[in-house]
Amino acid sequence: MRSLFLLLLNTIAASAIPDRNCRGVYFDNKYYDIQILKEGINKIHQLVLNNNDNTIYFTFGQIGVVPYRSLGYYNLDTRQAGLIGGIRNASGVAVDQNKNKVYVGGIDGVYALNRDRQPERYPIYDSIHKLFFREVLYYINVRNEAFIFDNGVINPMMELQNEKVEDIIVDDDDNVFFLQNDTLFRIKLGTRAINIHEGYPIDVMAVDPYYRAFFGTKNGVYIYNKYKFALDRVSRIRDLRALAFTKNMDPIYAVIDILIKLNPNPNKCIEYRY
């Protein structure tokens, strides 16, 4: 009941849009209905959607379990949910959509899930904090160091050597976005000139299927505008714990302890841009 009450408050804030004739949650120039997928997920750490089988994979905190993080999944088609064992303190998760491969990082290194959702060990012997995939696998260890794993070879990220990194994504224009103390920084792959985006304390970062970069903050969700080198707000949904997108660009996110999918309803409102 507490979660539903908090969700209602968050939904009201998200729906506070300029056009009074519109109803629903506004996100990136569309209006959506809320679908609650699952409740009671404690402290979601990272979340991805494998578009090949329409399954959400997420790492989260299990109360009373040591090491405390575990890997869960939820299938959007069957609504089947479950846990995947064999990975101690599962923290990072990423997906290679082209090869239909889900990577999971834990205290003992990196694994890939086979067709039966069983983890198979990769030759990365490090304690993992976060993962991200775009053409190669990026990982951040518990010492906040950034590495690249490509064709069985591990290399430090040249662009981020001597930088402490809490999270990382790479967009369609080879911009690397990374966090330090919730502050957003940006650097081009192959360069060393770091830019800062001040005034946007970041809760979560994600990319859509086209690798556009999105950022969740206390004031809403923003997208990176590569023409203005700035962030543009696309929704007033706030306080997200994780964010992902379906292949149709519909957002999936976690807020409080609830996993939510936004379903488009074009009949609710004419398009309104702001």
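The values are calculated or read from the model by the stated rules, or taken from the named source; none is laboratory data. Nothing here was measured: the structure is a model prediction, and the numbers come from that model. All Cβ positions, even for glycine, are placed from backbone atoms using ideal geometry, and neighbour counts span all protein chains on display. Ligands, DNA and RNA are excluded from the accessible area calculation, which covers all protein heavy atoms including side chains. Shrake-Rupley method; radii C 1.70, N 1.55, O 1.52, S 1.80 Å.
For the chain, what relative contact order do you get, as a whole percent, if you take Cα pairs closer than 8 Å and at least 6 residues apart? For the chain, the relative contact order is 18 percent. Amide hydrogen proximity for residue 122: with H placed 1.01 Å from N in the peptide plane, the residues at 5 or more positions away or on another chain lying under 5 Å are 110, 111, 112. The shape of the stretch 155-274 can be summarised by an equivalent ellipsoid whose semi-axes, obtained from the alpha carbon gyration tensor, come to 27, 15, 14 Å from longest to shortest.
When mean projected area of the Cα convex hull in nm² is computed from the coordinates, the matching label among (i) 16.0; (ii) 22.4; (iii) 14.7 is (iii).
Residue pairs exceeding 24 angstrom between C-alpha atoms, taken from 30/130; 38/99; 130/218: 30/130; 38/99. Grouping the Cα pair distances of the stretch 47-193 into 5 Å bins from zero gives a pair-distance distribution of 2, 9, 19, 22, 20, 15, 9, 3, 1, 0 percent in increasing distance order. Accessible surface area normalised per residue over the stretch 103-240 is 47 Å², counting heavy atoms of protein chains with a 1.4 Å rolling probe.
Note that the stretch 125-166 shows a convex hull volume over its alpha carbon atoms of 69 Å³ per residue. Loop-located trypsin sites (Lys or Arg not before Pro) in the stretch 179-265 (DSSP state other than H, G, I, E, B) with a sparse environment of at most 12 neighbouring Cβ atoms within 10 Å: 192, 218, 228, 247. Under the convention that each Lys and Arg Cβ holds +1 and each Asp and Glu Cβ holds -1, the size of the dipole of the stretch 103-144 around its Cα centre is about 120 debye.
For the stretch 103-145, what % of the accessible area comes from carbon and sulfur atoms, probe 1.4 Å?
41
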